[in-house]
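Comments concern the structure below.
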Amino acid sequence: HIHNIPIISLSKEVALMLNNIFLHGNLGNDPDVFYSSEGNPVASFSLAFHSGKDKTSWIKVTAFKGLAEIVETNLKKGNRVVVSGSLDQEKWQAQDGTNRSTFKVIANSIEFFHTRTSDQDFVEEKPE
């Protein structure tokens, strides 16, 4: 379906403040988790998503603190997720002197879906 979305005219200042992205896709690898110098967990993974009819694109996703802990304990390669967050551009100079850049998503929230393959996949809390 094609939806008619009204075009909203925003001031330059407001437009610069908007940086929200929502992606639906699958983890391309098990999350990598490390701890910052302050002891906070940081999790990152690659996300495959459809960016056209027959095109799959990839982007790195990074989660911090509590969200990183949730990623570490609940997600693995192939899991389907919806990530919301903001785009962050990393820039650097390569060894040959050329300027390079890439984008990644800084996750604010991650919704994940598990496929039930056996009763062992789900643990119920037993009331005391």
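The values are calculated or read from the model by the stated rules, or taken from the named source; none is laboratory data. Predicted model only: the values in this text are computed from it and were never measured. A quick note on method: Cβ atoms are made from the backbone with ideal geometry, for glycine too, and the neighbour counts reach across all protein chains shown. Just so you know, the surface numbers come from the protein's heavy atoms only, side chains and all, with ligands and any DNA or RNA stripped out. Shrake-Rupley method; radii C 1.70, N 1.55, O 1.52, S 1.80 Å.
Observations on the structure shown:
- Rounded percent of accessible protein surface that carbon and sulfur make up, region 18-60, 1.4 Å probe: 52
- Model label sites at Phe103 and Glu69, defined 7 Å from Cα along the beta-carbon direction, differ in position by 3.2 nm.
- For the pair His50 and Glu90, the difference between a 0.36 nm per residue extended length and the Cα-Cα distance amounts to 12.1 nm.
- Label reach from Phe113 (point 7 Å along Cα→C-beta): in region 69-91, amide nitrogens under 13 Å belong to 79-83.
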